[in-house]
Amino acid sequence: MKRILGGILALGVCLTPVTVPLIAQRTWAQTQDVEAQIQQLRQQALKQSRQGKPLESIETLQQILTIAQQLEDRKLEVWTLLGMGLNYGNIGQTQQALSFYEQALPILREVGDRAVEAVTLNNIGAVYDSIGQPQQALSYYEQALPI
């Protein structure tokens, strides 16, 4: 299904504007297939993370991120970015973790998820604290506090 969806999306870019809306409208069955695939990948990523396999989880999350971006599903995209940040943080790759958390922040603000925005600001603060930058950490903690 992933190859088919990717092929359709790639093909849609090359077609005339008249034909694109016809291809872009997925049927109910196609939507269900994509949702099932996403759910399966999410469960796989969580399982890999729980089993102490963060690199495998990151690879799975990257697959989800690609799908989320193709579908323009901002909530799925932000969930995936946060998962990647968490996994990178768990293996001590703080710069990678920060990168994914910082990519997630504007999306969280866009979708209006204030609770997760506060958690993300707190996570960024914790990363800065762990790398010995308490002033930077404090700045993020202070942003999270009023939320």
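The values are calculated or read from the model by the stated rules, or taken from the named source; none is laboratory data. All values derive from a computational prediction rather than experimental measurement. Every residue, glycine among them, receives a Cβ derived from its backbone with ideal geometry; neighbour counts consider all protein chains shown. Only protein heavy atoms, including side chains, enter the accessible area calculation; ligands, DNA and RNA are left aside. Shrake-Rupley method; radii C 1.70, N 1.55, O 1.52, S 1.80 Å.
Can you tell me which residue in segment 30-49 is nearest to Ile91 (Cα to Cα), limited to those that are among the hydrophobic types (A, V, I, L, M, F, W, C) and open to solvent by 30 Å² or more (accessible area, probe 1.4 Å)? Full working, then the answer.
Keep residues of segment 30-49 that are among the hydrophobic types (A, V, I, L, M, F, W, C), which gives 34, 36, 38, 41, 45-46.
Keeping just the survivors that are open to solvent by 30 Å² or more (accessible area, probe 1.4 Å) gives 36, 46.
Details: Ala36: 29, Leu46: 15 Å.
Step by step, filter segment 30-49, then rank; the result is Leu46.
Would you please name the residue that is farthest from Tyr88 (Cα to Cα), looking only at residues in segment 116-147 that are open to solvent by 60 Å² or more (accessible area, probe 1.4 Å) and acidic (Asp, Glu)?
The residue in question is Glu142.
When both residues are 6+ apart or on different chains and their Cβ atoms are under 6 Å apart, which pairs have a first residue that lies in segment 94-115 and is more than 10 Å from Leu82 (Cα to Cα), and a second that is open to solvent by 40 Å² or more (accessible area, probe 1.4 Å) and not in a helix (DSSP H, G or I)?
Thr94/Ile131; Arg114/Ile147
Could you list, in sequence order, all residues of segment 84-102 that are within 9 Å of the chain's Cα centre (by Cα) and open to solvent by 20 Å² or more (accessible area, probe 1.4 Å)?
If the condition is that a residue be within 9 Å of the chain's Cα centre (by Cα) and open to solvent by 20 Å² or more (accessible area, probe 1.4 Å), then Phe100 is the only one that fits.
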